[in-house]
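Below you'll find the structure, written out as structure tokens, and then a few comments.
The values are calculated or read from the model by the stated rules, or taken from the named source; none is laboratory data. Note that the coordinates shown come from a computational prediction; the quantities given were computed from them, not determined experimentally. All Cβ positions, glycine included, derive from the backbone under ideal geometry; neighbour counts span all protein chains shown. All accessible areas refer to the heavy atoms of the entire protein, side chains included, with ligands and DNA or RNA removed. Shrake-Rupley method; radii C 1.70, N 1.55, O 1.52, S 1.80 Å.
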Amino acid sequence: MKLKIMENSGFCFGVRRAIDIAKNATKKYEKVVTLGPIIHNPQMVEYLRKKGLRYINNISEINDEAVVIRSHGITYDDYKKLKNMDVKIVDATCPIVKKAQKFAQKLTKEGYQLVVLGDKYHPEVEALLSYVDDSCIVVADIDNDLELNNDKVGLIAQTTQSETKFEQLAYKLISKTYELRIVRTICNATKLRQEKTAKLAKKSDLMIVVGGKNSANTTRLAEISAENGCETHHIEVANEIDFNWFKGKMKIGLTAGASTPDWIINKVKNNLKKYIENEDKNS
Ligand code: SF4
């Protein structure tokens, strides 16, 4: 049995940057909170809570704490509210997420009806929607009908969406619009992880995808792996592994989302290596 670990597994630059900013804030300010979890990984959020970084769900819960804006950003309304309060704002929004917000605003201002490939309940998309007008459509399932009311359409995507889906949606829109502007707002870190996951899944009998169950980018990796015909298990931590999964399998692939800390990936990797060594000894 062989284990192959995907290169570039784990933290992307945006997540690493957000965590560094948050850690520095806990050193600089006596009390610090984030509005929503800093990243979508419960174990990392818990680790930071022990370091003094609590997360809250609502602005009304803020007293006199410094507020870290998480990597997915916050809505324009929440940002305005924070500005009007006498609190210190530490912005850890990923620059790539901000760039997508800017394109969304620009296209809207230039008279395009915005179409966003994404999940409208994801905090990144909720924040993005707060910068554009009500004509914006969020598409999660590209097979659904699109209600367009403008012959000028601007297409963007949530930064963690699948490239393939984005291209399929773009093709669909070409026949429905007079003018179509496409801005590829999917981030490179995501694109790279998706491509490498697909490649590894094609060569593996079983894939383990490690990361928060609430993490959009990790969930997407698990979907891509399964779409490439490989039995796939999405786990958050090492003790979720069921070694019955490995019976009759020879090539095991391991990948992890952009918000999965190294210590979790290493624990999974070490457990798998130990299991494979034992299996090889006993065979
Ligand atoms: S996946 Fe990309 S957009 Fe999201 S935080 Fe990481 S670098 Fe930023």
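Of all residues in segment 69-89, which are within 16 Å of the ligand (Cβ to nearest atom) and either modelled with pLDDT of 95 or more or open to solvent by less than 20 Å² (accessible area, probe 1.4 Å) (or both)?
Those that are within 16 Å of the ligand (Cβ to nearest atom) and either modelled with pLDDT of 95 or more or open to solvent by less than 20 Å² (accessible area, probe 1.4 Å) (or both): 69, 71, 73, 74.
Hey, does segment 168-188 have a residue that's of a type in the set (D, E, K, R), more than 16 Å from the ligand (Cβ to nearest atom), under 18 Å from residue 140 (Cβ atoms) and assigned to a helix (DSSP H, G or I)?
yes
Among the residues of segment 189-219, write down those that are among the hydroxyl-bearing types (Ser, Thr, Tyr) and either assigned to a helix (DSSP H, G or I) or at pLDDT 95 or above (or both).
Within segment 189-219, the subset among the hydroxyl-bearing types (Ser, Thr, Tyr) is 190, 197, 204, 215, 218-219.
Of everything in segment 189-219, those that are among the hydroxyl-bearing types (Ser, Thr, Tyr) and either assigned to a helix (DSSP H, G or I) or at pLDDT 95 or above (or both) turn out to be 190, 197, 204, 218, 219.
Going through segment 16-36 one residue at a time, which ones are open to solvent by 10 Å² or more (accessible area, probe 1.4 Å) and under 18 Å from residue 159 (Cα atoms)?
Selection gives 16, 17.
Answer yes or no as to whether residue 66 is within 16 Å of the ligand (Cβ to nearest atom), touching a helix residue (DSSP H, G or I) at 6+ places or on another chain (Cβ under 8 Å) and among the hydrophobic types (A, V, I, L, M, F, W, C). Talk me through it step by step, then tell me what you get.
Details: within 16 Å of the ligand (Cβ to nearest atom): no; touching a helix residue (DSSP H, G or I) at 6+ places or on another chain (Cβ under 8 Å): yes; among the hydrophobic types (A, V, I, L, M, F, W, C): yes.
Answer is no for this residue.
More than 20 Å from residue 76 (Cβ to Cβ), modelled with pLDDT of 95 or more and β-branched (Val, Ile, Thr): does that describe residue 132?
It is false that residue 132 is more than 20 Å from residue 76 (Cβ to Cβ), modelled with pLDDT of 95 or more and β-branched (Val, Ile, Thr).
Considering only segment 211-235, state which residues are buried (at least 20 other Cβ atoms within 10 Å of the Cβ) and closer than 21 Å to residue 124 by Cβ.
211, 212, 215, 216, 217, 218, 220, 221, 222, 224, 234
Would you please list the contacts, defined by Cβ atoms under 8 Å and residues six or more apart or on different chains, that run from a residue in segment 242-266 that is touching a residue at least 24 places away in the same chain (Cβ under 8 Å) and closer than 25 Å to residue 162 by Cβ to a residue that is small (Gly, Ala, Ser) and surrounded by fewer than 21 Cβ atoms within 10 Å (Cβ to Cβ)?
Between residues of segment 242-266 that are touching a residue at least 24 places away in the same chain (Cβ under 8 Å) and closer than 25 Å to residue 162 by Cβ and residues that are small (Gly, Ala, Ser) and surrounded by fewer than 21 Cβ atoms within 10 Å (Cβ to Cβ), the close pairs are 258/189; 264/238.
Could you pull out every one of the strands (runs of 3 or more DSSP E) wholly within segment 80-162 that has 1 or more residues that are among the charged types (D, E, K, R)?
Qualifying strands (runs of 3 or more DSSP E): 89-91, 152-157.
Name the pairs: first residue in segment 186-203 and under 27 Å from residue 101 (Cβ atoms), second residue of a type in the set (Lys, Arg) and within 14 Å of the ligand (Cβ to nearest atom), Cβ to Cβ under 8 Å, at least 6 apart or on different chains?
Between residues of segment 186-203 that are under 27 Å from residue 101 (Cβ atoms) and residues that are of a type in the set (Lys, Arg) and within 14 Å of the ligand (Cβ to nearest atom), the close pairs are 190/220; 194/220.
Pick out the one residue from 140, 170 that is open to solvent by less than 20 Å² (accessible area, probe 1.4 Å), modelled with pLDDT of 95 or more and either closer than 23 Å to residue 254 by Cβ or not basic (Lys, Arg) (or both).
Answer to the check: 170.
So, residue 152, is that one free of Cβ contacts under 8 Å to residues at least 60 places away in the same chain and open to solvent by 70 Å² or more (accessible area, probe 1.4 Å) or not?
For residue 152, the condition - free of Cβ contacts under 8 Å to residues at least 60 places away in the same chain and open to solvent by 70 Å² or more (accessible area, probe 1.4 Å) - is not met.
With (1) without any contact (Cβ under 8 Å) to a residue 40 or more places away in the chain; (2) under 22 Å from residue 4 (Cβ atoms) as the list, and residue 207 as the residue in question, which single condition is left unmet?
Failing condition for residue 207: (1).
Condition first: β-branched (Val, Ile, Thr) and touching a residue at least 24 places away in the same chain (Cβ under 8 Å). Now tell me which residues in segment 132-149 satisfy that.
Correct list: 132, 137, 139, 142.
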